[in-house]
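Please treat every number below as a calculation from the coordinates, not as lab data. Note that the coordinates shown come from a computational prediction; the quantities given were computed from them, not determined experimentally. Heads up, the Cβs are rebuilt from the backbone with ideal geometry, glycines too, and the neighbour counts pull from every protein chain shown.
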Amino acid sequence: MRHTIFKILFLAMAVGLPFSSATFAQNDSAATEADLIALLQSDAAPADKALACKNLAIHGSANAVPELAKLLPNEQLSSWARIALEAIPDSAADAALRDATQSLQGKLLVGTINSIGVREDAEATDLLAAKLIDEDAEVASAAAVALGHIGSEAAADHLRGALADASPLVQSAIAEGCVLCAEQMWIDGNTDKAIEIYDEIRESELPKQRVIEATRGAILARGDEGIPMLMDLFSSSDKHMFNLALGTAREFPGTNVDKEFAKALADTTPDRAGLILLAMADRSDSVDLPTILAAAKEGPASVRLAAVRALGQVGDASCLPTLLEISLEQDNELRAQAQATLAELPGDAVNAQIVAQLDQASGTIYPLLIDLVGQRRIPAKDSLMKALAHNDAPVRAAALRALGETIDPDGLEVLIGQVIEPRHPGDVEIAQRALKAASIRMPDPNLCAAKLSEALTASDSLPTQIAILQTLGAVGGPKALETVGKAAGSSQDELQDVGSRLLGTWMTADAAPVLLDLSQQAESNKYKVRALRGYLRIARQFVLPEGERAAMCEKALAAATRQQEKELVLQILARYPNAPNLKLAMVAMGDPNLKDQATEVAMTIAQKVGASEADLQALLSQSDLGQIELEILSAQYGAGSQQKDVTALVQKAANDLPLVILSAPSYNDALGGDPVPGTQKQLTIRYKMNGQEGEATFTENAPIFLKKPN
Amino acid sequence: MPKPTSPRVHDRRKFLKKTAAATGAAIVAPTIIPGSALGLNGTVPPSERVIVGGIGIGNRGTYDLGCFLQQDDVQFVAVCDIKKQRRLAIKKMVDGQYQTDKCEMYRDFRELLDRSDIDAVLIATGPNWHATASMYAAKAGKDMYTEKPVTKNIEQSLILADTIRRTGRVFQVGTQRRNLPHFAFACELARTGRLGKLKRVYAHPAGMQAMMSGWLTPEDLPNKEDVDWDMYLGPAAWRPFNKKHLDGFNFEKGGGLVGGGVLEWGSHCVDLCQWAVDDCPPPVEYDPPKDGQLVSRYENGTELIFRETGWIPLGSCPVRFEGEDGWVEAGDSGKMVLSSPELLAGRTVDEIGGYPATFHVRDFLDCVKTRGLPKGNAEAACNAHIACHAANIALHLNRQVKYDHRKHEFIDDAQANRLRSEALREPWRL
């Protein structure tokens, strides 16, 4: 056991390895602890002792404490020892830390006191209290915060007693400790004492942030009795205190505080009122809605803007008339915010009111209401159809947009009609966008695609046909695929162009046969290549059964006429190493133009799938690499000028094969460690193959395939 | 050991619940509170700007800083970095933006925090410092936007939430996907029951190996002005200087015995899963990884599954939520796939790919002004991080662990409980 652990530790440390998870995964804590203690007692290097401390954080007990305590005065290892001492549950660790405070000084003492604080060691209270007047301000400050973590009444009393006479730097830490104590008392139900401490701190001459923390605590701990204090903050001339009010208002529990915000609004400046309104809206469960609504109706523009925005969070149907009025005002910003709020205002009652107003509406509010129907997706087909016949273009445009957002499958023909036979030519573009918006949300994409396909056939306008094709591409599904495929294979160049582009980005794998067919049948070579690349995209990117992907690659290889596409096929094979793809790579080795790449891919796959040496020999016998003599002359692993000689390890792994299979997939693991942690490394091998010298360089962890030297 | 200290007097999550769009409105990038609603008109006067300082502004921080500098109501005034090179680079960037020479430089962030004119800080150090620097900032009265992962263990997560509550500060963790429309919509579908009873939520951890940085061969300590190694180590246990640690990325990622693992990406995608389950307490049961999956369970039986493969190609950081009536999957391409178009219910969802942080930064700045609760608030971050830390502990111990989210401890599991926290190097404390 000991031997094993030491071996792991020394191996890791000696080469400056990152400590891997496996280094720590020991289960027999007692035996492990004994080994680790022995290491600390030995003259091992500091690096080894550091790692032992880390392990003792898991495996250590009271037995380890004495050796760890000896490291506390050690500038290099003190922090490592405290990692273990903070984690060991036994009270012996507390005692050791307390003892150390008697002899340590400076930062080491500060660290030890910090650890006492983390362990909340109440027995250290008096010891820490004595340190509050240490001449080293860092020591005194650490003691103050540690007392705060202990959080007892005794700790608080010591802190409060030291506050007045401390230096400003230490005062801040004492105040921090006091606030921590107050918080603990509040949690423990000792609210009166907590408030007493908070009040003392907030009323003292202390750094602003300490006062802010105490004021927040003083307000919240008081519950409803803290409301007047909160309201006072809203009228504070101090920006920081006003900001504290905004944050504390959001936190304040209960519902009694909400009505009070109206008074704060009335007594403040416009810029502050806007901020108070936003805070009010964040209290969604108990918000005082009438106050926000009133602020939206009249007053300074900036306040109204904040109120209208707040209504988007907390408003309801009662806000609709006001928001509609504001939506028609001259102020662009206010109008836009009101419209955005209207789109979000929750509730079916809001929808009912909008529909009720729609049929009687005229003038500027009419298109506004129609847009709201669309934005809120209110079913109101009859009203929208009526609007579609309106003389005013803005009304018709709004109706088209709303139909696009709301129409059901039965009504899709309405939009199709607007696209292929527009009554007003100027409406076509909006109608096309509306048709697309409607189509992509249809519950049955095939039914939708069938209707669009009919429309495509019925139209004799090329721009319309293109628009419909693009809509079909967005809809997807088998029917859309069929129609787009036909367009791509049509005799019209523009349709071929759009169709092949859409197929090339199709989101389902059933486009593959269509693309393959197009890659062979298209009249233009440009579209053939585009289609084949689209086909390869599916083979490369989509989740497919192994056999299916290999079959696709095989077909692509047969269909490809250019070297570029053939090489893309090989890249796909290498990306998915499995038996079918290995077989196909071996077939590709028979192509003289692909032999080198295919052989490399086959070797890579063979290695990844765990082929035996015999398998590889059999594989190589199919190439002219089958019979080789390989000698490794040298091997260097590293980055830049930092190289490590790994010749012996590579020689050991090499055989009379062009593929060198290391003992582990990771170069770092196989080649004795990481020579340059955190940096991408390379392995460079000089070798002799069948008497000819060659050199090859491999990116970290790449398969090592040595080519025949030229 | 870990315990919540600060009383939760009011459920602040309700603020955010209420803002979920319940009607047919389109899902767009978060609306920004107009300046005029805050009493501002036209250009923002200096007195109304949020004065910001930056701590540890490396690669990611530079991107975040760019998002801050885009905002008219931000005045960036100071940078702190332990590397002189970074201090100078950021000063040049900021001064170039403002055409001034006023961006102050600091090596010790406490000096920056002592400035009373600074309202908020951007903390984009390595993860080693995120929680500790945030705690110091909160206690110094600053609001903060802190990069993720923000905590190194369970205890830090709890203390962070308590400290932010106690100090009354505004905290936003850099989980910017909470402010992107398609992720927000996907989470809303799950949260509001539109998918039916939620069965499983999936997160992509992008790596499940726990590790920590080592003790590398000592090298000559650089000049403190150039690289302040002691400050760089900060709360991490001592080790000798070695420049390989300085990339910041691999140094104490996630922390001590257990760290890294699912945390790096989990702090994004588990965070989204947590949003999908309405930011409820973290799962209570975590199985060891098996076949590339680590399964955990919430108290109500919903599973949170860390899964490496099997994703629809929608870009990095994918999440998937499955209910009894439907599912949704979304990723960083800005796109999502739904089990049925009916789930859209006619609504349109803006596709914003590339996970920009602009909206998240804006959300933070608005909350600095209104004192509202940002989307990536400390309590939400606390729960998501605890889920990741607990999963890492199951990964590390290679066995099931059970977590009691009320007591904040593992049940009858001394080993797991000892992994909840880790001592900070002197003189740092939380």
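List of remarks:
- Cross-link partners for A:Lys386 among the aspartates and glutamates, with Cα-Cα distance under 19 Å and sequence neighbours closer than 8 places in the same chain left out: A:Asp359, A:Asp371, A:Glu405, A:Asp408, A:Asp410, A:Glu413, A:Glu421, A:Asp427.
- Ranked packing of B:294-307, A:454-467, most packed first, by mean Cβ within 10 Å: B:294-307, A:454-467
- The residues B:Ser116, A:Ser519, when put in order of fewest to most other Cβ atoms within 10 Å, stand as B:Ser116, A:Ser519.
- Helical content alone sets the calculated 222 nm signal of chain A at -20000 deg cm²/dmol, taking -39,500 (n - 2.57) per DSSP H segment of four or more residues and averaging over every residue.
- Fully extending the segment from A:Gln357 to A:Asp596 would add 78.5 nm, taking 0.36 nm per residue of separation and subtracting the current Cα-Cα distance.
- Between A:Gln76 and A:Lys381, the FRET efficiency from the beta-carbon distance, with R0 = 56 Å, is close to 0.10.
- Unit charges at the beta carbon, dipole of the protein assembly as shown: most positive-side option, A:Gln607, A:Thr406, B:Ala391: A:Gln607
- By the helix-only formula, in which each DSSP H run with n ≥ 4 contributes -39500 (n - 2.57) and the sum is divided by residues, chain B has a 222 nm mean residue ellipticity of -9500 deg cm²/dmol.
- Positive-pole candidate from B:Asn59, A:Ala69, A:Ser519, dipole of the protein assembly as shown, charges at beta carbon: A:Ser519
- Other-chain or far-sequence residues with amide H under 5 Å of B:Val284's (modelled H): B:Arg297, B:Tyr298, B:Glu299
- Taking other Cβ atoms within 10 Å as a rough exposure proxy, A:Val609, B:Val349 sort from fewest to most as A:Val609, B:Val349.
- Inter-probe distance in nm under a simple model that places probes 7 Å from Cα toward Cβ, at B:Arg399 and A:Ala30: 1.6 nm
- Spin-label pair A:Ile133-A:Asp43: with each label point 7 Å from Cα along the Cα-Cβ axis, the two points sit 4.7 nm from one another.
- Hydrodynamic estimate: the Kirkwood radius of chain B over Cα pairs, inserted into Stokes-Einstein at 20 °C and 1.002 mPa s, corresponds to D of 97 µm²/s.
- The mean number of Cβ atoms from other chains found within 10 Å of a Cβ in peptide A:432-440 is 1, as a whole number.
- Hull volume per residue, based on the alpha-carbon atoms of the range A:267-366 and their convex hull, is 88 Å³.
- Assigned charges on the beta-carbon of Lys, Arg, Asp, Glu; chain B dipole about Cα centre (debye): 580 debye
- Additional length obtainable on full extension of the chain from A:His424 to A:Leu462, 0.36 nm per residue less Cα span: 11.9 nm
- DSSP beta bridges in chain B [antiparallel fraction, %, rounded to 5]: 50 percent
- Within straight-line cross-link reach of A:Lys131, lysines at Cα separation under 21 Å, skipping those fewer than 8 residues along the same chain: A:Lys107
- Partner chain coverage, peptide A:276-284 - average Cβ within 10 angstrom: 4
- Spin-label pair A:Glu567/A:Glu153, simplified geometry with 7 Å Cα→Cβ offset, distance in nm: 8.2 nm
- Total lysine pairs in the range A:407-540 at Cα distances under 19 Å, for residues eight or more apart or on different chains: 6.
- 3J(HN,Hα) couplings calculated from phi for the range B:297-309 with the Karplus curve 6.51 cos²θ - 1.76 cosθ + 1.60 (θ = phi - 60°) are, in sequence order, 10, 7, 4, 8, x, 4, 9, 9, 10, 8, 10, 7, 10 Hz; Gly and Pro show x.
- Around the amide H of B:Val50, modelled in the peptide plane, lie the amide H atoms of B:Val74, B:Gln75, all under 5 Å away and 5 or more residues distant in sequence or on another chain.
- Diffusion coefficient (Stokes-Einstein, Kirkwood radius over C-alpha pairs, 4 °C, 1.567 mPa s) for chain A: 38 µm²/s, rounded to a whole number.
- Share, in percent, of DSSP beta bridges within the protein assembly as shown that are antiparallel, nearest 5: 65 percent
- Entries of A:Lys54/B:Lys142; A:Lys688/B:Lys243; B:Lys148/B:Lys402 with Cα pairs more than 32 Å apart: A:Lys54/B:Lys142; A:Lys688/B:Lys243
- Of the trypsin sites (Lys or Arg not before Pro) in the range B:383-430, the ones in a loop by DSSP (not H, G, I, E or B) with at most 13 other beta carbons within 10 Å are B:Arg406, B:Lys407.
- Top positive-direction residue, dipole computed over the range A:407-540 with Cβ charges, set A:Gln496, A:Pro463, A:Leu532: A:Leu532
- For A:295-306, mean number of other protein chain Cβ atoms within 10 Å: 3
- In Hz, Karplus ³J(HN,Hα) per residue of the range A:687-704 (6.51, -1.76, 1.60; θ = phi - 60°; x = Gly, Pro): 8, 10, 10, 6, x, 9, 7, x, 9, 9, 10, 10, 5, 3, 6, 6, x, 9
- Computed E for A:Asp493/B:Thr309 - FRET, C-beta separation, R0 41 angstrom, nearest 0.05: 0.50
- Amide H contacts under 5 Å for B:Glu409: B:Asp404, restricted to partners 5 or more places along the chain or on a different chain, H placed in the peptide plane at 1.01 Å from N.
- Cα-centred dipole magnitude for the protein assembly as shown, charges only on beta-carbon of K, R (+1) and D, E (-1), debye, nearest 20: 1860 debye
- Put simply, when B:131-143, A:286-298 are sorted by average Cβ atoms within 10 angstrom per residue, most first, you get B:131-143, A:286-298.
- Of all lysines in the structure, the ones whose alpha carbon falls short of 19 Å from that of A:Lys595, not counting any fewer than 8 places away in one chain, are A:Lys555, A:Lys566, A:Lys583, A:Lys707, A:Lys708.
- The charge dipole of the range A:264-346, taken about its Cα centre with unit charges on the Cβ atoms of Lys, Arg (+1), Asp and Glu (-1) only, comes to about 60 debye.
- Label zone at A:Ala639, where the point sits 7 Å out along the Cα-to-Cβ direction: the range B:67-95 residues whose backbone N lies under 13 Å: none
- Each residue in A:Asp282, A:Asp258, B:Asp278 was given a count of other beta-carbon atoms within 10 angstrom of its own, and listing them fewest first yields B:Asp278, A:Asp258, A:Asp282.
- Computed 3J(HN,Hα) for the range B:166-176, one whole-Hz value per residue from the Karplus formula 6.51 cos²θ - 1.76 cosθ + 1.60 where θ = phi - 60°, is 5, 8, x, 8, 9, 10, 10, 8, x, 9, 5, glycine and proline marked x.
- Pairwise FRET efficiency - A:Gln470 versus B:Glu104, Cβ, R0 = 56 Å, nearest 0.05: 0.55
- Among A:137-143, A:322-328, A:526-532, B:350-356, the peptide with the highest mean count of other Cβ atoms within 10 Å heads the list, and the full ranking is A:137-143, A:526-532, A:322-328, B:350-356.
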